[in-house]
Structure formats: structure tokens, C-alpha cells
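Okay, so here's the structure we're looking at.
The values are calculated or read from the model by the stated rules, or taken from the named source; none is laboratory data. What you see is a predicted model, and the numbers here were worked out from it, not measured in a lab. Virtual Cβ from ideal backbone geometry, glycine too; neighbours counted across all protein chains shown.
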Amino acid sequence: MLKLYNTLTRGQDTFEPLEPGVVKLYTCGPTVYDVAHLGNFRAYIFEDILRRTLEYKGYRVLQVMNLTDVDDKTIRGANAAGISLDTFTQPFKDAFFEDLKTLRIEPAEHYPAATAHIPEMITLIERLIALKHAYIADDGSVYFNIASYPDYGRLARLDLSSLQSGARVAHDEYAKDHAADFALWKAWDTDDGAVAWDSPWGRGRPGWHIECSAMCMRYLGETFDIHTGGIDNIFPHHEDEIAQSEAATGKPLARYWLHCAHLIIDGQKMSKSLGNFHSLRDVIGMGFRGREVRYLLASAHYRQTLNFTFDGLRAVRTALDRVDTCRHRLQQVAGETTASTTTEIPQWAHVMNTQFDRAICDDLNTAAAYGVLFETIHESNRLIDGDRMTKREAAAVLTMFDHWDHVLAIMQPDQDSAAADTAADPVVTDLLEKRQAARQIKDFKESDRLRDLLRDKGWVVRDTHNGQELRKSS
Ligand SMILES: [Zn+2]
């Protein structure tokens, strides 16, 4: 039985899909105005663990992840760079798909881009106007009337008693105490530059929230199983998505709403606006591996904040060495013997298998699942040391690990990257980390000094738009 914490009910609910055997899952995807940072990837890895757990439980998953390629941030970026919106967002879309591969995130079935679904958004807005849940403002923008929808605020548990009737907010992001009628369609203004589409209300562009409503219903239907995102998405994004969709259809949009907690760095949320973020590329450039980053980002339960440190990342390498060594030893004992199922596992390992299943079905408790993994490794090593593990048992334990790894995806070694040895050297990674910080505040003198120090240690660092790249000097 799979239990998932549902933000809608504020409790653990037993998961059951609408249609037996199939799970329809919508995950809010990246806003492609920059490369995603590790805080973003924590949420995508949580969603990947969710998807993989559903598959491990025997479900077929139909997952949709949108790409937000038109919103306040992408338009600002394109106009600042003096290029078209498509030209601006394309490299970030490409980078995102590369990063997903590096982190072993299984591809979704659909990655709809907002700019390719404007007609669906217009149709949905027309429906809301017809039902009097939306109205056209003087400038040709269209707003959702939150007073028309009594359930507004249910997901975020808002107190709407002090709400000013008719107050409006045009921005995509705003705080809870600024809850107001929000923009479904924004009439063109000079800040939009060349970004505009024709609509029954004049030229303009969609608000961020309507994008997800239109795209999730287009691919998954008016009611589907699970909708996920980061806790930042609860308000206003998901609250507004629910209001728009349910007011239009009269049906619940999603039955389970799951949200991932923040990634913290030095006690603060990792975010672009705070300037304390690391992209995956920065970290890979320092010599860490995708598998190590994945392991670290899944090491705490997804609803707990996770503190990112480079020491933590270095400790992962030691942990994964233990995994690799144990698997290698089991392979040596098993020899040519293989096991297609785990039915021949010894009693002690059967207990571990049950514990793993219990951990992962307990709202995706990856921290507990890692604990079970290391207990199994410990016991396997002890039995092999005492020459008490048979070929068949070793083969069965390896098959059990493969079964677990369908969820965790951390056991297969990475293809070695050229700079992968650097991560073992805290001095080198420390210099790279300081240099990145210097570059973020544009202290190029300090950044050059650190580059020279790295050169003295035998490393050449190159700055690319993917971050720092390191190679051994010849
Ligand atoms: Zn969304």
C-alpha cells in the first residue's frame, strides 16, 4: 500500500489511481530563463523517485512536465539580451534535458511548451468568461474573479476575511497576503517587446498559472491523479491553477497534491534571487558526478529541508564506494549464477526487502530506504567475510538490489568524466567554490588569483557559459 502526503488534506492518503493500473502525473517544469540550480533539481529528483516508485509498484505512469517558456522572467531575459523569446529560451531547454540525463531522471511522456499551447489557454479563458468567473479589464487584460469561486484558498489554507473585493494583481508571483484577482491574460505593454499573441481581447500573452491548467488538462484530462511541485508553488501557482480549472470544469483537477521542501545552503533557501545557487554544471565542473548529486539530493525525505554542503557531497563518494565494493563482492561470489527473481533470497534479506518496500511506500521515505540499503550491505559483507554466502543467495541479493535501484537509480557507476578525480581533493573543490562565489559578485581580480592558485596545483580552469570547466594541465 502506497501512502502519500497530500497537501490538499494535510495528511497521508492511501494512493489509488482513478483508472486501475495507470497513473496520470503532472509535474510543474522549469521556467527556462536560466539553467536550473540544485534546488530546482531537488524537486525534479523527488518527482523522479515518485514516478519510479509508482513503476516499482506496477503502475504505468503517464507523466507530463511543462516548460514555462513565456512568463515575466523569460520576457525580461529575452528583452535584456535583445533577442527573440525562442532564441533566448532554447539553450536553457537544451541544457535542462542534458541535466536530466546526468541525474538519471526518467523522461516524462510529454514536455509541452507554453508557447505551443496558446490556443488551449485562450479557449479556457473564454470558458471562464462565459461562466462569469473571469472578466475583461479596461486595458484588455482578463482577470479571474476569486470572489466567484468560494473554494479559493483551500489548498494554501488562506484566510480571505480581509480580502479587498476587486483588487487585482498582474504579476505572476506574489505573496499570500496579496491574494487578489489574478491575470489570466495580460494585455500587451511596452515591457513585452515583441512577445504577443492575438486573442479575442486584443494582443497580449497568457499569465503563468493558466499555462499549467491548459496543458495539464490537454494531456491528462479534466481530472487526473497527482500534481506536484515545490512548496513555493502552493501559493499562488497551484491555488490559481485549481481555481481556474475547477471553476471551468466543475470537477476536481488533481486528487493528490505533493510538494517538495527547499534545498538550503548555509541556512538559506537556494535561489537565483538570493545569489547563493549552484547549477548542476558548476558542481559537475568541480569534478563531482551526476550519480553523487542525485544521491545527495534524495538523501533526506522530500518534505524535510535538505542542507547542501560540499562536505556532504564528498561523503557521498565514500558511501557509493561501499555500494560498489559490496556489489562487486556479491558478483564474485555469484559467478555465473543469476537470479531472475528475488524468491531465492535468504530469510534475512527477505526482511530487508520488506523494510525497503515499507520505507519507500511510507510517503517515499528515501532516507529510511538508504538506511535499509546500508544495513543490507553490512550484512552481505559480514556473510561473505565468514564464507557463509552461497552463489544462489549472492545472485538473489544482486537481483534485489537491481529491483531497489529501479527506485533509487544510484547503484550503476557513472561513465567517468575527465575531471572526476578532483572531487576527492577538498583543496581543489574549495578553490573552485571560492572562485565561483567571486565571479558571482564580479570580483574578477580574486577570481584570477584563484585561477592562478589552481594552475599551480596542476589544474587548468576554463570559464564557459555552463560554468567552470576543469582539466589537468599537460
Ligand atoms: Zn505549473
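Would you check if there is a residue in the range 68-85 being within 29 Å of Gly467 (Cβ to Cβ), crowded, with 21+ Cβ neighbours inside 10 Å and under 12 Å from the mean Cα position of the chain (by Cα)? No. The criterion of at least 3 residues that are within 16 Å of Leu258 (Cβ to Cβ), in contact (Cβ under 8 Å) with a residue 40 or more places away in the chain and in contact with a strand residue (DSSP E or B) (Cβ under 9 Å, 6 or more places away or on another chain) is met by the following strands (runs of 3 or more DSSP E) wholly inside the range 1-116: 3-6, 22-27, 60-65. The single condition among (1) in contact with an Asp or Glu (Cβ under 9 Å, 6 or more places away or on another chain); (2) modelled with pLDDT of 95 or more; (3) acidic (Asp, Glu) that Asp71 does not meet is (2).
For the range 339-351, filtering for residues that are closer than 18 Å to Arg388 by Cα and polar (S, T, N, Q) leaves 1.
Does the range 340-374 hold any residues that are charged (D, E, K, R), modelled with pLDDT of 95 or more and farther than 16 Å from Asp405 by Cβ, and which are they? I'd like the intermediate steps shown before the answer.
At the first step, the residues of the range 340-374 found to be charged (D, E, K, R) are 344, 357-358, 362-363.
Pick out the ones that are also modelled with pLDDT of 95 or more and you get 357-358, 362-363.
Of everything in the range 340-374, those that are charged (D, E, K, R), modelled with pLDDT of 95 or more and farther than 16 Å from Asp405 by Cβ turn out to be Arg358, Asp362, Asp363.
If you go through the range 373-394 and keep only what is under 33 Å from the mean Cα position of the chain (by Cα) and either surrounded by 14 or more Cβ atoms within 10 Å (Cβ to Cβ) or of a type in the set (A, V, I, L, M, F, W, C) (or both), you end up with Leu373, Phe374, Glu375, Thr376, Ile377. From the list Asp72, Asp86, Asp48, the lone residue that is over 30 Å from Met1 (Cβ atoms), assigned by TED's automatic domain parsing to the domain that holds Val23 and more than 16 Å from the ligand (Cβ to nearest atom) is Asp86.
Selection within the range 55-105: residues that are among the acidic types (Asp, Glu) and touching a helix residue (DSSP H, G or I) at 6+ places or on another chain (Cβ under 6 Å). The member of this set that is farthest from Met217 (Cα to Cα) is Asp99.
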